[in-house]
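One structure is given here, and the rest of the page talks about it.
The values are calculated or read from the model by the stated rules, or taken from the named source; none is laboratory data. Values in this document were obtained by computation on a predicted structure and should not be read as measured data. Ideal geometry is used to build each Cβ from the backbone, glycine not excepted, and the neighbour counts take in all protein chains shown. Areas reflect the complete protein model, heavy atoms only, side chains present, ligands, DNA and RNA absent. Shrake-Rupley method; radii C 1.70, N 1.55, O 1.52, S 1.80 Å.
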Amino acid sequence: MQRFDCSDEAERARGLDAAVAAVSRGGLVVLPTDTLYGLGADAFDRDAVASLLAAKGRGRNMPVPVLVGSWRTLDGLIDRMTPQVKDLISAFWPGGLTLVVRQAGSLRWDLGEGRGTVAVRMPLHPVAIELLGRTGPMAVSSANISGQPPATTADEAVDQLGGAAEVYLDGGPCPAAVPSTIVDCTGEVPVVVRSGAVGLDALREVLPLVREPAGR
């Protein structure tokens, strides 16, 4: 296990090199984001994704979200860019909004039982963006054991995951320290399926018809 202080420019560079190398060989890395620390792997390496799920003690019934370093990356990942998805991306990316969309039919990744959908986000964090720019899309879930509190610092991630991750990129405390908001955009009307960093009022300023699930 290697840990790098990303507040030091030289150590950050070494850390990013180590993280890229780990991801390329199927290893797991912990990275800071604007919301929470994430445990990441190459999104297209099914064995690495399986290792990620195992490290968290999480089942395949909860597919791993994907982080991207640029919204343009979506062109090869999603079935089509709907006006609703485009408006939400324009307003809130990079940032604390995860979008559930129909994935491109040509994709051969295995993120869990997503049933043809994928949850995608572009984080607002310089270390995460630089890493994603070098690795491409990463499967990233919160850096914690399933059912335990999410990590908002590198120390908290180390305490829970230990040697399960090869590289820890320490970017200091997460600015938001709350999970991203998740909006399901697979139907005609977008639905908030998890409240988080982006509030419902802010979403409705962009798409007035965004709703919460029935019963809420």
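In the context of the full protein assembly, residue 113 retains an accessible surface of approximately 80 Å², using a probe radius of 1.4 Å and ignoring ligands and nucleic acids.
FRET efficiency for the pair residue 186 and residue 47, taken as 1/(1 + (r/R0)^6) with r the Cβ-Cβ distance and R0 = 25 Å, rounds to 0.35.
On a full-extension model of 0.36 nm per residue, what is the gain between residue 61 and residue 115, subtracting their alpha-carbon distance, rounded to one decimal in nm?
Between residue 61 and residue 115, full extension yields 18.4 nm more.
Take the chain with all the other protein chains still there, run a 1.4 Å probe, and you get 45 Å² of accessible area per residue. Across the accessible surface of the chain, with the other protein chains kept in place and a 1.4 Å probe, carbon and sulfur atoms take up 49 percent.
Computed on region 59-216, with alpha-carbon pairs under 8 angstrom and 6+ residues apart, the relative contact order is 26 percent. In whole percents, the pair-distance distribution calculated for region 25-151 from its alpha-carbon pairs, binned every 10 Å from zero, is 14, 48, 34, 4. The tail of the calculated P(r) for the chain beyond 33 Å holds 11 percent of all Cα-Cα pairs.
Computed from the C-beta positions of residue 90 and residue 54 and an R0 of 25 Å, the FRET efficiency is 0.10 to the nearest 0.05.
Sorting the segments 193-199, 37-43, 81-87 by their residues' average number of neighbouring beta-carbon atoms within 10 angstrom, most packed first, yields 37-43, 193-199, 81-87. Ranked by the mean number of other Cβ atoms within 10 Å of their residues, highest first, the peptides 173-181, 10-18, 91-99 come out as 91-99, 173-181, 10-18. Distance from the Cα centroid of region 68-118 to that of region 2-41 is 23 Å (rounded to whole angstrom).
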